[in-house]
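Scroll down for the structure; my scribbles are underneath it.
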Amino acid sequence: MSLRYKNKVVIVTGGSKGIGRGIVRVFVENGAEVVFCARGGQFCAAGEALEAELNMEGPGSCTFVSCDMSKEEDIQRLIRVTVELYGHIDCLVNNAGWHPPHKPTDETTAEEFRDLLNLNLVSYFLASKFALPFLRQRQGNIINVSSLVGSIGQKDAAPYVATKGAIISMTKAMAVDESRHSVRVNCISPGNVMTPLWEELAAQTPNAAAAVRAGENCQLMGRMGTEAECGLAALYLAADATFCTGIDLLLSGGAELNYGFKSQILT
Ligand SMILES: NC(=O)c1ccc[n+]([C@@H]2O[C@H](COP(=O)([O-])OP(=O)(O)OC[C@H]3O[C@@H](n4cnc5c(N)ncnc54)[C@H](O)[C@@H]3O)[C@@H](O)[C@H]2O)c1
């Protein structure tokens with residue numbers, strides 16, 4: 001099969017594991033030059049291992065950069081390093097984010113909310129801001145990883161849902177602004193995708209296996225999505241969806257469809 005993103009330069013934030021890893025892999029498989037990041041310290045080992053593995057396989061290549069997306073100077077450095085390495089940027093995938101353990105609003109502090117806004121939302125804004133001067137030169141595109149719950153809500157997760165809903169709104173606002181530069185801005189909203197983050201959240205429940213089964217049964221397809229399917233959705237938006245901007249591509253296995261047992265009214 002022909003390479004769909006050959007020699008294009010792509011930045012993926014938080015690509016050392018999970019959905020980001022799937023996106024890095026698919027772009028490298030399609031001939032792109034990918035720069036991806038994770039926080040420093042213990043998180044670097046996974047990034048370096050993935051870099052070595054994918055560079056052996058090709059046909060594209062990738063470079064791992066240690067970068068804490070909650071820090072503005074780190075985000076600036078990520079963009080600068082990419083331009084120093086490759087001279088331009090064709091696509092930015094904002095993916096790094098976190099879902100805190102579920103808890104009610106009454107137990108959530110303002111500081112927790114602000115920290116999550118900073119990582120899940122402000123980092124997407126800043127990476128876009130610093131990459132846009134380069135994306136405009138290439139008529140490139142931005143892909144923001146939001147979440148299905150940004151549209152349908154989720155129990156005991158108000159700050160997370162708020163960050164993901166805001167990503168969808170910001171995507172539309174930036175699509176409007178950047179249309180004059182022929183830069184497309186879109187987002188992907190995954191439902192349940194089996195990743196280390198999902199495993200961590202399941203492990204915090206009394207029965208992790210039951211939590212995973214329940215997670216699988218949320219989809220009409222009776223399973224979770226995969227990292228690779230997220231990568232293919234991102235590649236579609238970057239390479240093929242040339243008449244799409246400001247869209248929210250649901251990658252949810254139909255989780256939002258049909259009636260379910262949702263009432264929490266105590267009887
Ligand atoms: N897994 C799901 O079911 C699901 C569903 C909808 C949306 N999402 C979203 O997809 C994105 C990825 O989620 P995932 O499940 O792959 O999570 P994950 O925890 O498995 O991977 C997260 C990635 O982000 C990186 N990261 C986290 N904090 C960072 C920081 N401060 N600086 C740099 N990198 C950082 C991690 O190193 C890792 O590479 C998130 O934005 C998440 O909200 C996930």
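Amide H contacts for Asp68 (H built 1.01 Å from N in the peptide plane; partners 5 or more residues away or on another chain; cut-off under 5 Å): Gly40.
Loop-located trypsin sites (Lys or Arg not before Pro) in segment 1-79 (DSSP state other than H, G, I, E, B) with a sparse environment of at most 16 neighbouring Cβ atoms within 10 Å: Lys6, Lys71. The modelled label-to-label distance between Ala173 and Cys44, using points 7 Å beyond Cα along the C-beta direction, is 3.5 nm. Each residue of segment 191-200 in order: what ³J(HN,Hα) in whole Hz does its phi give by Karplus 6.51 cos²θ - 1.76 cosθ + 1.60, θ = phi - 60°, with x for Gly and Pro? Karplus-based 3J(HN,Hα) across segment 191-200 equals x, 7, 10, 6, 9, x, 5, 4, 4, 4 Hz.
Taking Cβ atoms as reference points and 12 Å as the exclusive limit, the residues near Leu148 contribute a net charge of -1, counting Lys and Arg as +1 and Asp and Glu as -1.
Under 5 Å from the amide H of Val93 lie the amide H atoms of Ile11, Val12, Thr13, Ile143, each residue being 5 or more positions distant or on a separate chain, with H modelled from the backbone and absent for Pro and chain starts.
By the gyration tensor of its Cα atoms, with a ≥ b ≥ c the square roots of the eigenvalues, what is the shape of segment 1-119: rounded for a/c under 1.5, prolate for a/b over b/c, or oblate? The shape class here is prolate. Does anyone have the angle between helix 44-57 and the longest principal axis of the chain? Alpha-carbon axes, 0 to 90°, nearest 10? Approximately 60 degrees, to the nearest ten. For the chain, the longest principal axis of the alpha carbon atoms and the long axis of helix 123-138 meet at an angle near 30°. Under 17 Å from a label point set 7 Å out along the Cα-to-Cβ vector of Lys129, the amide N atoms of segment 35-73 belong to 68-73. Computed from label points 7 Å out along Cα-Cβ, the spacing between Tyr259 and Asp156 is 2.7 nm. Shown for Trp98, Trp198: other C-beta atoms within 10 Å of each C-beta, ranked fewest to most, produce the order Trp98, Trp198. Taking amide H positions as modeled 1.01 Å from N, with prolines and chain starts lacking one, the residues under 5 Å from Val193 and 5 or more places away or on another chain are Gly225.
Other residues within the sphere of radius under 15 Å centred on the Cβ of Ile167, judged by their own Cβ, net out at +2 (K and R +1, D and E -1). The shape of the chain can be summarised by an equivalent ellipsoid whose semi-axes, obtained from the alpha carbon gyration tensor, come to 30, 20, 19 Å from longest to shortest. Partnerless cysteines in the chain, where a partner means another cysteine C-beta under 4.7 angstrom, comprise Cys44, Cys62, Cys91, Cys187, Cys218, Cys230, Cys244.
Every number in this text was worked out from the coordinates using simple rules, so none of it is lab data. Here the structure is a predicted model, which means the values were calculated and not measured. Cβ atoms come from the backbone with ideal geometry, glycine included; neighbour counts cover every protein chain shown.
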